[in-house]
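Working notes, structure below.
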Amino acid sequence: MKNKTKKIIKIIKCILLYFYYSLYCKIKKIKNDNIWLISERGNEARDNSYHFYKFLKKNHKEIKVKYIIDKKSVDAKKIKPEDIVDYNSKEHYILFKTAGFLISTHIMGYSPDMSLFSRMDKHNILKLKGKKIFLQHGIIKDYIPYLNSNNINVDLFISGAKPEYDFLLENFGHNEKILKYTGLARYDNLIDKSKKQILIMPSFRKWLNYTNNFKETEYYKHWNSILNNNEFVKYIEEKNIKVIFYPHYEIQKYLNEFKSKSKNIVIASFNNYDVQQLLLESNLLITDYSSVFFDFAYMKKPIIYYQFDKEKFESEHYQKGYYDYEKIGFGPVCYTEKELVEIIANNSAIDYLSRSDNFFQFRDTNNCKRIFEEIVNLKR
């Protein structure tokens, strides 16, 4: 009850501040049409928005760019001090209302509260001046109703692969003027730096939001078990392979629950590890449904899918889209721990590498350039 009250107070405060600063901007006649406001979730700089920000700073110094990030964030040091807009500050509210371009990896990622302002924008309450650009967090493979045109208002929706673009165009209600296949911004930085390292990166499950005992969930039991599997531990220690276990952003709050008996296995936290760097350095990815496997496939590196709860995931988390793991997946699909350990030991995931050849039509370092050109076209 206490948490619910705090949440309600926070929402009311956000709404009041938004309308206060909207009136303030109107009275003061504040105009920031030339500013490109960039963000991810307000507390990080490591995804498509960050890589697009770096591109702008290097190649388009004529653009006045600002980056929203909590000044206490571990990633704040990546952004030039003069470009930082402190998350939830007065400047944040003012630029959110008046900036000419609003750019983020998430819907309303540049707002003071993504969930709240997404709902407000859906009902045309915000009346924002800026063009809204959705850079995406990762390639979409499932049907996500939230991203339908009747739920979000965007001026540019970036796609990272041709099959994804076709799926979005056919099923999400956005037209060809809004949907653009350019490739994802961070893919410009996908330069393989592999070493003897396995990255284990499981995704999230919606139902975990409602659990009272995380350690009793099937999710925890399966992933913690592989971290302590005798055969797996023996294999990595004999081969001197480092293993990084880096669960989804939403699972990081449970990180201390995971343990491993192996000195070669690191339970990695969001604050200490950058997922982009982990992807570059690892030579094998083990995941379930996380879209980071597209990044790995883009670099033509082996992937293994471990899907012990496939039926539940497809019925309760996301509705299955165009991507069939068995038919077009970039690696073998395992349903048991025994299968997973055998495939790792046999190194048989490499047999699937050629499947990514037709998936990505763009395999260059011009994704940011194409995104920039599409944003500039919005002015016309």
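Numbers at a glance
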read-out	value
Projected label distance in nm at Ile11 and Glu314, using a 7 Å step from Cα toward the beta-carbon	3.5 nm
Which of Ile8, His317, Pro202, positive extreme of dipole for the chain (C-beta unit charges)	Ile8
Positive-end residue of Ile152, Ala45, Ser111, charge dipole of the chain with Cβ unit charges	Ser111
Radius of gyration and Dmax over the Cα atoms of the chain, both given in Å	21.4, 69
Among beta bridges that DSSP assigns inside the chain, antiparallel share in %, nearest 5	5 percent
Per-residue Cβ neighbour rank within 10 angstrom, fewest leading, Arg119, Arg205	Arg119, Arg205
Net charge of Cβ neighbours under 12 Å - reference Cys14; Lys, Arg +1; Asp, Glu -1	+3
Note, ³J(HN,Hα) from phi for region 63-77, Karplus 6.51, -1.76, 1.60, rounded to Hz, x at Gly and Pro	7, 8, 10, 10, 10, 7, 7, 4, 4, 8, 5, 5, 8, 4, 5
Cβ-defined net charge surrounding Lys29, 13 Å radius [Lys, Arg +1; Asp, Glu -1]	+4
In degrees, nearest ten, helix 367-377 long axis to first principal axis of the chain (Cα)	20 degrees
Mean ellipticity per residue at 222 nm, deg cm²/dmol - from DSSP H runs of n ≥ 4 across the chain, formula -39500 (n - 2.57)	-10000 deg cm²/dmol
Region 299-316 - phi-based ³J(HN,Hα) in whole Hz, Karplus 6.51/-1.76/1.60, Gly and Pro as x	8, 6, 10, x, 10, 10, 9, 10, 10, 6, 10, 4, 4, 5, 4, 6, 9, 10
Isotropic mean projected area of the C-alpha convex hull, region 304-355 (nm²)	3.7 nm²
Per principal axis, descending, Cα span of region 264-380 in whole Å	57, 34, 29
Förster-model FRET efficiency, 45 Å R0, Lys263 and Asn34, C-beta, rounded to 0.05	0.25
Between 0 and 90°, nearest 10: helix 2-28 axis offset from the chain longest Cα axis	40 degrees
Listed residue pairs exceeding 31 Å between alpha carbons, taken from Lys6/Lys80; Lys26/Lys369; Lys57/Lys259; Lys4/Lys71; Lys7/Lys97	Lys6/Lys80; Lys26/Lys369; Lys57/Lys259
Charged-residue dipole, Cβ positions (Lys, Arg, Asp, Glu), the chain about Cα centre, Debye nearest 20	2020 debye
Percentage, to the nearest whole number, of Cα pairs in region 197-356 over 26 Å apart	22 percent
Within-13-Å neighbourhood charge of Tyr273 [Cβ basis; K, R +1; D, E -1]	-2
Kirkwood hydrodynamic radius of region 1-90, from inverse mean 1/r over distinct Cα pairs, in Å	14.9 Å
Whole-angstrom gap from region 32-102 to region 291-337, using each part's C-alpha centre	33 Å
Separation of the Asn230 and Lys90 label points, Cα + 7 Å toward Cβ, nm	6.6 nm
Label-point separation, Ile27 to Lys122 (7 Å along Cα→Cβ), nm	3.3 nm
Tilt relative to the chain, helix 162-171 - C-alpha long axis, 0 to 90 degrees, to 10	60 degrees
Extended-chain gain in nm, criterion 0.36 nm per residue less alpha-carbon gap, Asn148 and Lys71	24.4 nm
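Only the coordinates and a few stated rules stand behind these numbers; no lab work does. Since the structure is predicted, the reported quantities are computational estimates derived from the model, not experimental observations. Every residue, glycine as well, gets a Cβ built from its backbone with ideal geometry; the counts of neighbours run over all protein chains shown.
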